[in-house]
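Undergrad: First, the structure itself, so that you have it in front of you.
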Amino acid sequence: MSSIKKLRTDVAIVGGGIVGSSAALALRRMGLGVVLLERDLCGSRSSGVNYGGVRRQGRPVSQLPLAQRAHRIWGDLAGLLGTDGEYIRSGHFKIARSESDMASLERYRALSSDFDLGLELISGARLREQCPWLGTRAVGGSLCAEDGQANPRLVSPAFALAAQRAGAQVFERHKVDEVAHDGAMFMVRSGNALEVQAPVLLNCAGAWAGAIASQFGETPPMFARSPLMAVTEPVPHFMKWSLGVEGGGIYCRQVERGNVVLGGGTGITLDAERSRAEREGIAALAVQAIELLPALRHAHIIRTWGGTEGYLPDREPVLGPSRTTPGLFHGFGFAGAGFQIGPAAGEVLAELARDGRTDTPIDAFAIERFDDEQAKAKAQAPKPLTLTPASPT
């Protein structure tokens with residue numbers, strides 16, 4: 001006789017990162033029943049080990065409506081979650097290392113002008129006056145004073161805890177082994193422990209979400225990468241802004257305790273469960289850090305890490321309804337930049353689950369944009385689910 005636990009609910013969610021957990025919380029605030037399954041601990045994967053930048057500046061214009069919605073959520077984080085997650089609107093400064101970088105930042109300010117980001121370009125003598133801690137390689141930059149930073153190790157699990165307090169049923173360490181749809185209901189099974197039936201399924205499984213999508217005839221060209229992260233010992237405070245670099249490269253922020261969190265480059269994805277930093281990448285990161293922030297010349301790096309992130313070729317997420325299966329909605333592929341927009345993506349998914357629509361523009365994130373690429377591949381019948389990230393391309 002089977003001992004499997006069987007549940008029926010309004011919405012089933014696979015994935016307990018910041019997107020899935022915020023969707024669960026939003027659904028409960030709407031009064032809908034929710035069951036969330038997470039293969040590990042909620043917020044322990046990429047949502048909990050990322051850099052912690054909470055920025056709108058530098059995002060594609062297509063993401064700015066979502067980012068603005070998220071900005072309002074972050075502003076009431078303590079009221080929503082019962083913790084501020086060390087969130088502060090410290091400002092985000094994107095560094096220019098050349099005049100062409102400055103021109104690019106000026107173009108972005110013009111492109112994003114409809115969204116009132118309040119971007120301020122700083123260069124020349126004013127830059128040296130305001131930022132004496134910057135190395136000489138920096139020639140200017142763009143400041144978004146209302147952007148900021150937070151501690152992902154606190155924020156991401158807090159969304160799941162808040163959802164649970166609101167009545168969501170959250171099952172951690174429940175790896176999904178099978179998903180199916182009979183035309184009316186989805187069935188989600190985790191081993192011989194749990195089977196969930198629901199008319200709506202949210203696919204928020206991060207780097208593993210492509211495997212779920214493929215069960216329903218949708219195979220986005222997603223690949224996995226491991227962003228490289230490090231943190232220094234505490235050093236005397238010298239900057240308050242979170243920093244990025246125009247054109248890519250290092251990003252860093254200093255926390256209240258004095259540690260400087262650094263990111264940039266790519267680590268090594270060992271397998272579906274593990275990733276790590278590698279020596280050459282850390283060395284390159286240290287060179288960039290010292291070049292831009294001379295105060296770090298003698299600082300010791302005390303920890304390095306990585307996390308598995310899902311990327312799509314255009315570096316835009318998939319967010320919205322399935323093109324093949326009514327009741328299935330996707331939210332994945334945030335390309336290492338999902339922390340800030342995650343709570344808004346969760347709310348959007350909750351609206352789609354309840355109403356089938358949202359007022360937040362998401363057309364740019366439709367899974368149909370990959371139809372041409374899928375058409376080039378052989379059509380495959382649904383097969384047993386294997387939740388492992390695709391190899392990087």
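The values are calculated or read from the model by the stated rules, or taken from the named source; none is laboratory data. Worth saying up front: this structure is predicted, and the values here are computed from it rather than measured. With ideal geometry, Cβ positions are generated from the backbone for all residues, glycine too; neighbour counts draw on all protein chains shown. In case anyone asks, the SASA skips ligands and DNA or RNA and just uses the protein heavy atoms, side chains included. Shrake-Rupley method; radii C 1.70, N 1.55, O 1.52, S 1.80 Å.
Undergrad: So, restricting to helices (runs of 4 or more DSSP H) that lie completely within region 1-102, which ones have at least 2 residues that are among the basic types (Lys, Arg) and out of contact with any Phe, Trp or Tyr (no Cβ under 9 Å at 6 or more places or on another chain)?
TA: Here the list reads 18-29, 64-75.
Undergrad: Same structure, new question: Considering each residue of region 109-126, count those that are closer than 10 Å to Val61 by Cα and open to solvent by less than 50 Å² (accessible area, probe 1.4 Å), and give that number.
TA: Residues flagged as closer than 10 Å to Val61 by Cα and open to solvent by less than 50 Å² (accessible area, probe 1.4 Å) within region 109-126 amount to 2.
Undergrad: Take the residues in region 201-224 that are more than 22 Å from Ala23 (Cα to Cα) and in a strand (DSSP E or B), then tell me which one is most open to solvent (accessible area, probe 1.4 Å).
TA: Per the stated criteria, the residue is Phe223.
Per-residue answers, yes or no, for (1) free of Cβ contacts under 8 Å to residues at least 24 places away in the same chain; (2) among the β-branched types (Val, Ile, Thr); (3) under 26 Å from Ser90 (Cα atoms); (4) open to solvent by less than 10 Å² (accessible area, probe 1.4 Å):
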site	(1), (2), (3), (4)
Gly264	no, no, yes, yes
Thr269	no, yes, no, no
Leu285	no, no, yes, yes
Leu293	no, no, yes, yes
Ile301	no, yes, yes, no
Leu319	no, no, no, yes
Phe334	no, no, yes, no
Ala337	no, no, yes, no
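Undergrad: Given the conditions (1) open to solvent by 30 Å² or more (accessible area, probe 1.4 Å); (2) of a type outside the set (D, E, K, R); (3) in contact (Cβ under 8 Å) with a residue 24 or more places away in the chain, which single one is not true for Ala138?
TA: (1)
Undergrad: Let me ask another. Would you check if there is a residue in region 225-241 being open to solvent by 30 Å² or more (accessible area, probe 1.4 Å) and either assigned by the TED database to the domain that holds Ala353 or within 21 Å of the chain's Cα centre (by Cα) (or both)?
TA: Scanning region 225-241, I find at least one residue that is open to solvent by 30 Å² or more (accessible area, probe 1.4 Å) and either assigned by the TED database to the domain that holds Ala353 or within 21 Å of the chain's Cα centre (by Cα) (or both), so the answer is yes.
Undergrad: From Arg45, Arg29, Arg39, Arg69, grab the single residue that is in contact with a His (Cβ under 8 Å, 6 or more places away or on another chain), open to solvent by 10 Å² or more (accessible area, probe 1.4 Å) and either closer than 18 Å to Val348 by Cα or not assigned by the TED database to the domain that holds Leu117 (or both).
TA: Sole residue among the options that is in contact with a His (Cβ under 8 Å, 6 or more places away or on another chain), open to solvent by 10 Å² or more (accessible area, probe 1.4 Å) and either closer than 18 Å to Val348 by Cα or not assigned by the TED database to the domain that holds Leu117 (or both): Arg39.
Undergrad: Starting from region 145-156, take each residue that is open to solvent by 30 Å² or more (accessible area, probe 1.4 Å) and list its partners that are of a type outside the set (Asp, Glu) and in a helix (DSSP H, G or I), counting only C-beta distances under 7 angstrom and pairs at least six apart or across chains.
TA: Arg153/Gly48
Undergrad: May I pose another question? Where residues in region 169-200 are in a loop (DSSP other than H, G, I, E, B), aliphatic (A, V, I, L, M) and touching a strand residue (DSSP E or B) at 6+ places or on another chain (Cβ under 7 Å), which of them is least open to solvent (accessible area, probe 1.4 Å)?
TA: Val176
Here is a yes/no grid of residues against (1) in contact with an Asp or Glu (Cβ under 6 Å, 6 or more places away or on another chain); (2) modelled with pLDDT of 95 or more; (3) farther than 17 Å from Phe186 by Cα:
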| position | (1), (2), (3) |
| --- | --- |
| Ser3 | no, no, yes |
| Leu7 | no, yes, no |
| Gly16 | yes, yes, yes |
| Leu36 | no, yes, no |
| Asp40 | no, no, yes |
| Gly43 | no, no, yes |
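Undergrad: Hey, among the residues in region 346-393 that are hydroxyl-bearing (Ser, Thr, Tyr) and modelled with pLDDT of 50 or more, which one's farthest from Thr325 (Cα to Cα)?
TA: So the residue we want is Thr360.
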